[in-house]
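As structure tokens, the structure follows; a few thoughts come after it.
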Amino acid sequence: MSKHPRDLYIDLLKRVLINLIYEDDQDLRFPLAEMSQFDMTKRLSGTDWPTRAHTMIGMTRLENLQHCVESVLLDEVPGDFIETGVWRGGACIFMRGVLAAHQAHDRRVWVADSFQGIPPTAEVSNSLDRWMGLDSFNDVLGVAEETVRANFARYELLDEQVAFLPGWFRDSLPDAPIEKLAIMRLDGDLYDSTMDALNHLYHKLSVGGYVIIDDYSIGSCRKAVTDFRKRNSIEDTIVRIDPESVYWRRSA
């Protein structure tokens, strides 16, 4: 049975965003070059650092994101979508693309990022964040806002339904002009970055909306999630997406 044109578009969008079409060339100048060599299994699972692809979250997590977006559209869960920590913008581009495919014109995709990379970790309180020192990879992890905007434009998806929130989360999220959310996709890696997003956004999440935690495999991120859920008596079941990531759906 042939696919609906909408589904063909969404499937192609996923394949292009993770660059299964041309495959990334290995770049020996790239930090952690051994992680940039194209490997189909790693690319599908989102466990490499692509040199060219617009997202590093892989196919499994993109399919989860598609499920969440289409679920809130079908169930008419009110609210916009946000990703905190967007890198080259691929996951946000995908959310905007799914909205376009479903002709959903009443929601925005919020693109929240420092556009400088990871906050300095040398003096943070969490010992694991200090030890990982992810800010040492900011020459790769820091992608300028202008570059992310240009990536949206490549897909003809840069329009009034896309809004940018530049800055460290502790500064950009408290006063963000977001009324209501249906999807929160958190990809901030660190304890404080994850906690900032949860503290400032979760109360805006509609019942029936989704929280996606990209970095749950990182102990400090997982602890932030555990601490926040305990403090706020959240008992919604955490569902595993893949070895790296989880999500839950807000029930109350």
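The values are calculated or read from the model by the stated rules, or taken from the named source; none is laboratory data. Just so we're clear, the structure is a prediction, and the values are computed from it rather than from any experiment. Methodologically, a virtual Cβ is constructed for each residue, glycine included, from the backbone with ideal geometry; neighbour enumeration extends over all protein chains shown. Keep in mind that these areas ignore ligands, DNA and RNA; they rest on the heavy atoms of the full protein, side chains included. Shrake-Rupley method; radii C 1.70, N 1.55, O 1.52, S 1.80 Å.
Divide by every residue of the chain the summed helix terms, -39500 (n - 2.57) for each DSSP H run of at least 4, and state the resulting mean residue ellipticity at 222 nm, rounded to the nearest 500 deg cm²/dmol. Walk me through the numbers before you get to the answer.
Details: 10 runs with 96 residues, N = 252.
Roughly -11000 deg cm²/dmol at 222 nm, from the helical runs in the chain.
Label point 7 Å out from Met40 along Cα-to-Cβ: which residues of segment 2-25 have amide N under 17 Å?
Under cut-off, by backbone N: 15-16, 18-25.
Give me the distance in nm between label points sitting 7 Å out from Cα along the Cα-to-Cβ direction at His203 and Arg6, one decimal.
Output for this residue pair reads 3.6 nm.
Would you kindly state how much longer the chain becomes between Gln116 and Ala252 on full extension, computed as 0.36 nm times their sequence separation minus their alpha carbon distance, in nm to one decimal?
Length gained between Gln116 and Ala252: 45.4 nm.
Under a crude label model (7 Å from the Cα following the beta-carbon direction), how far is Phe137 from Glu23 in nanometres?
2.3
What length, rounded to one decimal in nm, is gained on full extension from Asp175 through to Glu63, with 0.36 nm per residue of separation minus their alpha-carbon distance? Before the final figure, lay out the partial values.
Working: separation 112, 0.36 × 112 = 40.32 nm, distance 3.10 nm.
Length gained, Asp175 through Glu63: 37.2 nm.
What is the spread of the Cα atoms of the chain along each of their three principal axes, largest first, in whole Å?
In descending order, the Cα extents are 53, 49, 31 Å.
Under 12 Å Cα to Cα from Lys3, which aspartates and glutamates show up? Leave out anything in the same chain fewer than 8 places away.
Once the sequence-local aspartates and glutamates are set aside, what remains near Lys3 is Asp11.
7 Å from Cα along Cα→Cβ at both Ala150 and His102: what's the point-to-point distance in nm?
3.2
About its Cα centre, how strong a charge dipole does segment 81-147 have in debye, to the nearest 20, once Lys and Arg get +1 and Asp and Glu get -1 at the Cβ?
Values: 5 positive and 9 negative charges, 64 e Å.
Dipole size: approximately 300 debye.
So how far, in whole Å, is the C-alpha centre of segment 61-94 from the one of segment 214-252?
Between the Cα centre of segment 61-94 and that of segment 214-252, the gap is 17 Å.
What is the ratio of the Cα radius of gyration of segment 109-219 to 2.2 N^0.38 Å, where N is its residue count, to two decimals? List each step's numbers first, then the result.
On the way: Rg = 14.6 Å, N = 111, 2.2 N^0.38 = 13.2 Å.
Compared with the compact-globule rule of thumb, segment 109-219 sits at 1.11.
Probe 1.4 Å, all protein chains in place: accessible area of Trp49 in Å², nearest 10?
Number for this one is 30 Å².
Taking a cut-off of 17 Å between Cα atoms, list the aspartates and glutamates near Lys42, but don't count ones fewer than 8 places away on the same chain.
Glu23, Asp24, Asp25, Asp27, Glu34, Glu63, Asp214, Asp215, Asp242, Glu244
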